[in-house]
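Before any comments, here is the structure.
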Amino acid sequence: MVYDFEGHVALVTGAGSGIGRATGQKFAAHGAKVVLADVNDEGGEETLALIKDAGGEAIFVHTDVADEDSVKHLMQTTIDTYGQLNYAANNAGILPKFEPMHQKPVDVFDRVIAVNVRGVFLCMKYEIPLMLENGGAIVNTSSAAGLRAQPGVADYAASKHAVNGLTRTAAVEYAALGIRINAVNPGGVVTNMVMNIQMDESYAAMMQAAQQQDPHPIGRSAQPEEIANAIVWLCSDEATFMVGHTLSVDGGMTVD
Ligand SMILES: NC(=O)c1ccc[n+]([C@@H]2O[C@H](COP(=O)([O-])OP(=O)(O)OC[C@H]3O[C@@H](n4cnc5c(N)ncnc54)[C@H](O)[C@@H]3O)[C@@H](O)[C@H]2O)c1
């Protein structure tokens, strides 16, 4: 499958690692100019080098998606550099330590909501005006935890339920104005987020049991590229009737 993103500009947050890196690479491979955003400068620069080494066009912009001025700076840099914005993958996110809700520090809850919810809201708030004239497509990265309970990370589950709510509402607000807005709900994906899971000892037994029986009916976790494929497809002209969908890309994990 080859998409024609030639002459188009794609923005990806959380592009310094995992799903965001794979999404940036895929947009570039299909001809888009890519704006890579992340708080992690080292990871962002690595993604930039990977895209340039493969012959693609991209820039990296240091961005904290939870910070309004930082997001405004990201959008201004996008326009100053490439003059337009056609696609956005609002993908940056954090997963906190697994621990019982009554032990969860309030500042951890607040930061998860700030990055995962406020971040998606701020990005859409400042991306949409850039797309109103020529249309565009936005894909937010939610999670299987945005569809059902995730013991140990109530804050994360709440944040991803909110991402799906933001997505559906924005989708209906802007569909008639030429901006298609969707979300992906990944299951487990082999990225730094999952490699670095921190866990209160009360959750260790649960995790051990989970490892014994893979929660994905397909029998394995995803590679980041398998989620990037869905994100880029949702932005493409192969998905022109997809609006407000919260697409599960989870190997069957949430099938009842
Ligand atoms: N890995 C999984 O199993 C999984 C499953 C479901 C959903 N997700 C979601 O996928 C998205 C990408 O996660 P990933 O698995 O690639 O993890 P990752 O940790 O590899 O990548 C996340 C990236 O987001 C960046 N980031 C964190 N806070 C930021 C901020 N405030 N501003 C800008 N960038 C920030 C990080 O620096 C990192 O580069 C996240 O939204 C995550 O919640 C991941």
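The numbers here are math on the coordinates, done by the rules we state, and not lab data. Keep in mind it's a predicted model, so treat the numbers as computed, not measured. Heads up, the Cβs are rebuilt from the backbone with ideal geometry, glycines too, and the neighbour counts pull from every protein chain shown.
The order of LYS160, LYS33, going from fewest to most other C-beta atoms within 10 Å of their C-beta, is LYS33, LYS160.
In plain terms, the residue of THR23, THR246, THR81 with the fewest other Cβ atoms within 10 Å comes first and the most crowded comes last, giving THR81, THR246, THR23. In order along the range 20-27, phi translates into HN-Hα couplings of x, 4, 4, 5, x, 4, 5, 4 Hz, rounded to whole numbers, per the Karplus curve 6.51 cos²θ - 1.76 cosθ + 1.60 with θ = phi - 60° and x for Gly and Pro.
Applying the criteria of a DSSP loop state and at most 12 other Cβ atoms within 10 Å to the GluC sites (Glu not before Pro) of the range 1-99 yields GLU6.
Pairs from the list LYS33/LYS125; LYS52/LYS97; LYS52/LYS104; LYS33/LYS160; LYS26/LYS125 with a Cα-Cα gap above 30 Å: LYS52/LYS97; LYS52/LYS104. Scalar couplings 3J(HN,Hα) for the range 230-247, obtained by applying the Karplus form with A = 6.51, B = -1.76, C = 1.60 to θ = phi - 60°, are 6, 5, 5, 4, 4, 7, 7, 6, 7, 10, 5, 10, 8, 9, x, 8, 10, 7 Hz; x denotes Gly and Pro.
In this structure the amide hydrogen of VAL61, modeled in the peptide plane, comes within under 5 Å of the amide hydrogens of LEU36, ALA37, ASP38, none closer than 5 places in sequence on its chain. Largest first and in whole Å, the equivalent-ellipsoid semi-axes of the range 71-160 read 31, 13, 8, each the square root of five times a Cα gyration tensor eigenvalue. Axis of helix 68-82 versus longest Cα principal axis of the chain: the two differ by about 40°, to the nearest ten degrees.
The range 131-173 and the range 215-248 have Cα centres lying 14 Å from one another.
Within the chain, the proportion of Cα pairs with more than 34 Å between them is 13 percent. Between the Cα long axis of helix 119-131 and the first principal axis of the chain there is an angle of about 20°, rounded to the nearest 10. Whole-Hz Karplus values for the range 32-47 come out as 6, 7, 10, 9, 9, 10, 6, 6, 8, 5, 4, x, x, 5, 5, 4 Hz, taken residue by residue from phi with 6.51 cos²θ - 1.76 cosθ + 1.60 and θ = phi - 60°; glycine and proline positions read x. Ranked for footprinting exposure by Cβ neighbours inside 10 Å, fewest first, VAL61, VAL255 give VAL255, VAL61. Seen against the Cα atoms of the chain and their longest principal axis, helix 201-212 is set at about 70 degrees.
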